[in-house]
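Before any comments, here is the structure.
The values are calculated or read from the model by the stated rules, or taken from the named source; none is laboratory data. Every value quoted in this text rests on a predicted model; they were computed, and no experiment measured them. Glycine gets a Cβ as well: all are built from the backbone with ideal geometry, and neighbour counts include every protein chain shown.
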Amino acid sequence: MSSNRKNWAGNYQYKAKNLYQPKTVEEIQQIVAKAKKVKAVGSQHCFNDIADSDETQISCENLNKIISIDEKTVTIESGLKYGQFCSELDEKGFAIHNLASLPHISVVGACVTATHGSGVKNKNLAEAVSEIEFVAGTGDLLALSREKDGEKFNGAVVNLGGLGIVTKITLDTEKSFQVRQDCFQNLALEELPDNFETIMSAGYSVSLFTDWQKPSINQIWVKSRLDREFNEFEDEYFDAKKCTENIHPIDGISAENCTEQLGIGGVWYERLPHFKMGFTPSVGAELQSEYFVARENAVEAIFALEKIREQIAPLLLVSEIRTIAADEMWLSMNYQRDSVAFHFTWKQDADAVMRLLPTIESTLERFNARPHWGKLFTMSKEKIHSLYPKMKDFIELLHEYDPQEKFVNKYLQQNILR
């Protein structure tokens with residue numbers, strides 16, 4: 001299978017000549033052993049060529065079983081999406097610590113690109129990984145764990161598909177919990193300098209949405225765990241008004257595909273994402289970019305972006321601001337710093353967006369903004385290397401597991417390898 005395949009957004013057409021959909025790990029090993037160039041492709045929610053290959057792609061969608069669930073971990077095959085196993089995990093009485101806004105993405109794809117949810121104390125989704133199994137460039141099946149492999153493990157989880165084809169992954173679990181969502185509209189930016197930390201700490205997970213058309217935040221979404229102390233909000237939160245009906249992050253779009261709001265409690269996997277599994281996520285035809293700065297610089301970065309909002313707004317559907325706690329994973333955008341992420345959901349005008357991104361990157365440069373690996377950016381390799389202290393170590397790790405550079409594609413050449 002090979003012709004006319006595009007990513008989810010439709011902005012990128014894969015160049016790989018062959019797509020294999022093996023049903024066993026042994027088949028993956030055979031394909032990798034024979035291939036000259038090969039790459040894993042997941043749920044196709046990346047907006048660039050990170051998952052493409054000159055020759056061969058492997059989809060693990062047929063490896064879609066839950067292997068085991070216990071009080072500490074869940075082990076799954078690499079083809080599963082979050083929305084495909086969370087309900088069964090909850091039925092057993094367990095949960096994972098956080099979810100991205102879309103439950104439609106593959107677990108492995110999210111982890112190897114350091115994708116995240118929100119929360120001042122919540123680390124990215126890869127932080128839940130305690131063990132990873134993969135087929136290396138030699139065709140050998142290998143495994144690394146947090147407990148046994150320490151620092152090498154920190155380099156291997158967020159690997160951008162560079163170490164091999166992931167076949168199995170183990171995640172930390174905790175006791176299942178309930179979450180409620182309270183949403184507010186129209187917060188003046190002038191409230192942020194004194195109150196940003198308070199607002200972003202108002203719940204277990206908090207998101208701010210804006211279209212950058214005026215000096216205000218359009219919406220605040222607060223997700224609160226009901227097994228912990230939480231806020232009982234009044235009709236106003238600072239100067240933002242509490243919503244009396246469900247809303248969509250993009251003004252004017254039906255909230256039908258959004259998870260339940262209005263303070264109505266529900267199971268964790270039906271509240272932590274913004275969108276329901278059974279509906280088209282977000283608006284479908286879109287492009288995305290995202291940049292991460294240290295949380296201590298959040299307010300200054302917001303006002304820096306506000307100065308160029310007249311350039312941003314015409315191309316934008318919505319922008320989301322979220323917090324992510326620091327971690328120790330070498331290529332995580334949150335490596336050793338608590339972060340704020342500025343996410344941009346763009347109209348599907350690729351040429352105009354790509355012309356605008358250097359302006360955004362220049363605006364955020366003084367904050368050492370790190371781009372999301374799976375989204376659109378124009379930052380140079382030299383700049384990217386300066387942002388990741390362990391980049392040299394990661395390149396050595398890549399060559400250890402893929403000495404023939406079978407998993408090296410145009411994306412890794414352009415952004416990682418010297």
For the range 157-215 the number of residues that are of a type in the set (S, T, N, Q) and buried (at least 20 other Cβ atoms within 10 Å of the Cβ) is 8
Quickly run through the range 26-47 and pick out the residues that are in a loop (DSSP other than H, G, I, E, B) and not polar (S, T, N, Q). Ala35, Lys36, Lys37, Gly42, His45, Cys46, Phe47
Being part of a helix (DSSP H, G or I), over 15 Å from Ser332 (Cα atoms) and of a type in the set (D, E, K, R) is the filter here, so list the residues in the range 385-402 that pass it. Glu396, Glu400
Considering only the range 216-240, state which residues are loosely packed, with under 14 Cβ neighbours inside 10 Å and farther than 21 Å from Glu270 by Cα. Glu234, Asp235, Glu236, Asp239
Check the range 84-93 and report whether any residue there is acidic (Asp, Glu), free of Cβ contacts under 8 Å to residues at least 60 places away in the same chain and closer than 30 Å to Phe377 by Cβ. no
Out of Glu405, Glu396, which single residue is surrounded by 15 or more Cβ atoms within 10 Å (Cβ to Cβ), more than 21 Å from the chain's Cα centre (by Cα) and among the acidic types (Asp, Glu)? Glu405
Any idea how many residues of the range 186-235 are on the phi > 0 side of the Ramachandran plot and touching a residue at least 60 places away in the same chain (Cβ under 8 Å)? 1
Which pairs turn up if I take residues in the range 18-34 that are on the phi < 0 side of the Ramachandran plot and surrounded by fewer than 16 Cβ atoms within 10 Å (Cβ to Cβ) and look for partners that are assigned to a loop (DSSP other than H, G, I, E, B) and polar (S, T, N, Q) with beta carbon separation below 7 Å, at least 6 apart in sequence or on another chain? Asn18/Ser2; Gln21/Asn62; Lys23/Asn62
Please return the ranges of strands (runs of 3 or more DSSP E) entirely within the range 48-131 where 2 or more residues are small (Gly, Ala, Ser), more than 26 Å from Ala9 (Cβ to Cβ) and assigned by TED's automatic domain parsing to the domain that holds Gly155. none
Given the criterion among the charged types (D, E, K, R) and in a loop (DSSP other than H, G, I, E, B), identify the matching residue among Glu382, Glu405. Glu405
Could you give me the residue pairs with C-beta distances under 6 Å whose first residue belongs to the range 56-73 and is among the hydroxyl-bearing types (Ser, Thr, Tyr), whose second residue is part of a strand (DSSP E or B) wherever it lies, and which are 6+ apart or on separate chains? Thr56/Asn18; Thr56/Val38; Ser59/Val41; Ser68/Thr75; Thr73/Thr170
Of all strands (runs of 3 or more DSSP E) completely enclosed by the range 135-228, which ones contain at least 3 residues that are over 30 Å from Glu300 (Cα atoms) and at pLDDT 95 or above? 141-145, 165-172, 178-188
Out of the range 241-261, which residues are of a type outside the set (A, V, I, L, M) and surrounded by fewer than 19 Cβ atoms within 10 Å (Cβ to Cβ)? Lys241, Lys242, Thr244, Glu245, Asn246, Asp251, Gly252, Ser254, Glu256, Asn257, Glu260
